[in-house]
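**Q** Starting off with a structure, shown below.
No lab work stands behind these numbers, since they all come straight from the coordinates. Small disclaimer: the values here were computed from a predicted structure and weren't measured. FYI the Cβ positions are ideal-geometry reconstructions off the backbone, even for glycines, and counts take in every protein chain you see.
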Amino acid sequence: QKEVEQNSGPLSVPEGAIASLNCTYSDRGSQSFFWYRQYSGKSPELIMSIYSNGDKEDGRFTAQLNKASQYVSLLIRDSQPSDSATYLCAVTRSNYGGSQGNLIFGKGTKLSVKP
Amino acid sequence: DAGVIQSPRHEVTEMGQEVTLRCKPISGHDYLFWYRQTMMRGLELLIYFNNNVPIDDSGMPEDRFSAKMPNASFSTLKIQPSEPRDSAVYFCASSFFEPPGELFFGEGSRLTVL
């Protein structure tokens, strides 16, 4: 079983719609969850972090976490063409040897917002 | 601050050649990470350093890969000898906080091994 799974997409939504991106993870001990955005040919950049069950909102972005279901999602409201990018879900490993839990990235979901 | 600086941005080499990728982290960041990104495997951690000391190199694929951090402002990732399957984008990232603090990525080095 892959550690962090995402639908590779592409996910296509019209401008102004809500884009919903989903991620599941296998490590029940994971404590920290992140969404990174990566534009084509560019490097990843952090857009959201979430640590406890429930919703966390930041502008047009809402991250949702359900640890019981091992599921984390990102909602983008009022999607804009500039939101077109690949969204990477990242999860910390628990009990990762002596390390403090490095990040495991999913392969990403490609989002396309059509004008 | 200029952010994380990587060089070269693009490298094309022939199989068997030595490749050296360079990284300058953000000043004041104690953690430095080397990642590799491919379509097949996504973004994979190769190695990370804390205060110039390698903490976890379990992601380094094999002995052909080595990384050093001689001081707080410079790190290298070396591949010797290079193989076509090493073709990927290699990202360096730095962080102020202990993982999983926010990672700040460089622009990446795109390596093509012919």
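**Q** Amide H neighbours of B:LEU46 under 5 Å, counting only residues 5+ apart in sequence or on other chains, H built in-plane at 1.01 Å?
**A** Amide H neighbours of B:LEU46, under 5 Å, 5+ apart: B:TRP34, B:TYR35, B:ARG36.
**Q** Which value, in debye to the nearest 20, describes the size of the charge dipole of chain A about its Cα centre when Lys and Arg Cβ atoms bear +1, Asp and Glu Cβ atoms bear -1, and nothing else is charged?
**A** Magnitude of the dipole: close to 220 debye.
**Q** Still on this structure, please answer the following. Using every Cα-Cα pair within the stretch A:1-74, state what percent have a distance larger than 16 Å. It would help to have the intermediate numbers written out before the result.
**A** Values: 1467 of 2701 pairs.
Percentage above 16 Å: 54.
**Q** Binned at 10 Å from 0, what are the whole-percent values of the Cα-Cα distance distribution for the stretch B:45-87, short to long?
**A** 27, 53, 19, 1
**Q** If I take every Cα pair under 8 Å that is 6 or more residues apart in chain B, average their sequence separation and divide by the length, what percent do I get for the relative contact order?
**A** On the way: 288 pairs, mean separation 42.0, N = 114.
Averaging sequence separation for qualifying contacts and normalising by length gives 37 percent for chain B.
**Q** Per-residue Cβ counts within 10 Å, from other chains only, averaged over A:32-42: what number is that?
**A** Other-chain Cβ atoms within 10 Å of each residue's Cβ, averaged: 2.
**Q** Once the mean 1/r over all distinct Cα pairs of chain B is inverted, what Kirkwood radius in angstroms do you read off?
**A** Working: mean 1/r = 0.0719 Å⁻¹.
It is 13.9 Å.
**Q** Relative contact order for chain A: what percent, with Cα pairs under 8 Å and sequence separation of 6 or more?
**A** Here the relative contact order equals 37 percent.
**Q** For chain A, give me the percentage of DSSP beta bridges that are antiparallel, rounded to the nearest 5 percent.
**A** In chain A, DSSP labels about 90 percent of beta bridges as antiparallel.
**Q** Also: Could you give the size of the charge dipole of the stretch A:1-69 about its Cα centre, using +1 on the Cβ of each K and R and -1 on the Cβ of each D and E, expressed in debye and rounded to the nearest 20? Could you put the intermediate results ahead of the total?
**A** Working: 7 positive and 8 negative charges, 19 e Å.
My answer is approximately 80 debye.
**Q** Sum up the lysine pairs in the protein assembly as shown that clear both bars: alpha-carbon distance under 28 Å and a spacing of 8 or more or different chains.
**A** Pairs that pass both the separation and distance tests number 24.
**Q** Give the dimensionless ratio obtained when the Cα radius of gyration of the protein assembly as shown is divided by 2.2 N^0.38 Å.
**A** 1.02
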